[in-house]
Structure formats: C-alpha cells, structure tokens
Amino acid sequence: MQAYVNYYDVSLEELGRIGDKKPRLLMHACCGPCSCFPLTFLCPRFDVTIYYSNSNIFPAEEFDRRREELKRLLIDLKRDYGYQVDLIEPPYDHEAFMEPLRPFAACKEGGERCFRCYEARMKEAYDFAETQGFDYFCTVMTISRQKDSQILNAIGKKLEESHPHCRYFYSDFKKKGGIEKGKAMRIAYGLYNQDYCGCEYSLAGRNARIAAQKTAEKEHEKE
C-alpha cells in the first residue's frame with residue numbers, strides 16, 4: 001500500500017521553488033464551486049488557464065449549466081480580485097467518453113470506474129497543456145470530500161511521466177480549510193451547487209437516495 005503523502009505540504013514546497021516567477025498553469029476544472037478556492041490559491045502565483053474537459057457529465061444540459069456557472073465565477077473573480085483566467089472549452093462528447101467506462105457500470109461510486117474517469121479527463125487536459133507550452137498542470141478535483149487526493153495525485157504523477165515538458169502540480173485543496181473557504185465563496189457568489197458528481201451512474205445514485213429519503217419520511221408520518 002502506498003504511503004500517505006501530505007500533498008498540501010508538497011504544493012507549498014513547489015510554490016517555494018518557483019519564487020517570484022509566474023509560470024503558466026493549466027487547471028482542469030469540473031465546475032464553478034470546486035474552482036473557487038483553488039483559483040484564489042493559485043492565481044497569485046501562476047498565470048492560470050482553465051480547461052473544462054468533462055464529457056462525463058450527463059445530461060448535456062447539466063454540462064452546459066456547470067460550464068456557464070464557471071464562466072460567471074471567472075467574471076466575478078476578475079472584478080473582485082483582478083484575476084484574468086482564460087477558459088478552454090473542448091467539445092462535449094458524452095457517448096464517446098463513456099464507452100470505455102461502460103464495462104465498469106457495476107462499480108460503486110468512488111471506485112474503479114471513477115478512477116478511470118478522473119484519469120481520462122485529466123489526460124485530455126494534460127495533453128493540451130503539454131502541446132500548448134504550459135509549465136504546470138493540475139486539477140481542482142482534490143478539493144472534493146468525495147474524491148481521494150492520494151489517488152488523484154497518483155494519477156497526476158503517472159501522467160507526468162508521459163508529459164515531459166509540463167510539470168504536474170501536486171495539491172490537496174481541501175486542506176487548511178479549503179473546503180470551508182470554497183463553500184463561503186460559492187454562497188457569496190450564488191453559484192449553482194450540483195448534488196451529484198456528473199455521470200448518469202452518479203445521477204441514478206442521487207435519485208435513489210432522494211427516493212429512499214422520501215419513502216422514509218412517508219413511513220415516519222404513518223407512525
């Protein structure tokens with residue numbers, strides 16, 4: 001079993017190494033709420049561009065809604081903090097993205113299917129970073145309580161081996177109050193806060209939980 005690594009400390013060490021430089025960093029982002037704290041952490045030290053590679057999201061209307069909320073956040077952050085963050089919007093192709101994940105349909109949420117989904121999205125964005133001359137690549141997904149930062153950073157380390165011109169920026173954005181700070185920003189900006197990860201499997205799980213809760217409430221009313 002791989003030893004636990006405090007990736008928040010690793011990120012601070014890397015910031016110390018770059019000094020006063022402001023390297024170009026491409027950040028994979030899945031939505032506005034998850035991007036709030038990572039952007040305030042990174043923008044003072046990097047020239048940040050976001051890559052919205054999330055064809056896992058279902059349905060297409062949800063993909064569009066999350067992207068538009070992210071755009072709105074970037075406008076607000078430029079107004080309030082002066083951050084100039086460009087957004088790269090690759091095309092949405094849910095069926096092609098999900099095809100290699102279908103054999104893992106029975107996997108539990110947060111299991112092998114999800115790990116492969118993380119890697120596919122990160123690789124798409126990392127490929128862009130490598131070909132477009134970015135100095136660093138990272139993902140906002142380490143902010144999520146539902147996602148294991150050890151696994152995400154292990155994926156990043158693996159991808160770095162095939163992207164020799166762009167370093168992977170290790171992170172654990174949930175540390176040191178990152179989740180709470182991000183939540184406060186999300187509320188302050190009135191961002192839509194989705195209640196499932198993205199794909200149809202997570203949507204089905206969300207719907208099942210809601211149905212079970214309603215059933216339990218009805219049973220409680222009968223007592």
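The values are calculated or read from the model by the stated rules, or taken from the named source; none is laboratory data. Quick caveat, the model's predicted, so the values are computed rather than measured. No Cβ is skipped: glycine too gets one built from the backbone with ideal geometry, and neighbour counts run over all protein chains shown. Only protein heavy atoms, including side chains, enter the accessible area calculation; ligands, DNA and RNA are left aside. Shrake-Rupley method; radii C 1.70, N 1.55, O 1.52, S 1.80 Å.
Of note:
- Violating pairs (Cα-Cα greater than 20 angstrom) within the set 147/176; 22/123; 22/181; 147/181; 78/181: 22/123; 22/181
- Simple spin-label estimate for residue 209 and residue 84 gives 4.1 nm between the two label positions (7 Å along the Cα-to-Cβ direction from each Cα).
- The chain: most fluctuating residue of 156, 198, 133 per GNM, C-alpha cutoff 10 Å: 133
- With protein chains left intact and a 1.4 Å probe, residues in region 118-219 average 50 Å² of accessible area per residue.
- Here the relative contact order of the chain, from alpha carbon pairs under 8 Å that lie six or more residues apart, stands at 29 percent.
- Cα gyration tensor, region 111-223 - rounded (a/c under 1.5), prolate or oblate: prolate
- Compared with the alpha-carbon gap, the fully stretched path from residue 4 to residue 108 is longer by 35.1 nm at 0.36 nm per residue.
- Whether region 60-178 is rounded, prolate or oblate, judged on the alpha carbon gyration tensor where a/c under 1.5 counts as rounded: rounded
- Remark: spin-label model distance residue 161-residue 17 equals 1.8 nm, labels positioned 7 Å along the Cα→Cβ axis.
- For the chain, the convex hull spanned by the alpha carbon atoms encloses 155 Å³ per residue.
- Cα gyration tensor shape for region 1-57, rounded if a/c is under 1.5, else prolate or oblate: oblate
- Over all orientations, region 1-117 has a Cα convex hull whose mean projected area works out to 9.3 square nanometres.
- For the chain, calculated [θ]222 nm from helices alone, where every DSSP H run of n ≥ 4 adds -39500 (n - 2.57): -17000 deg cm²/dmol
- Residues of type aspartates and glutamates that residue 157 reaches as a straight line, Cα spacing below 19 Å, ignoring anything fewer than 8 places off in the same chain: 9, 13, 14, 112, 119, 124, 127, 130, 135, 148, 172
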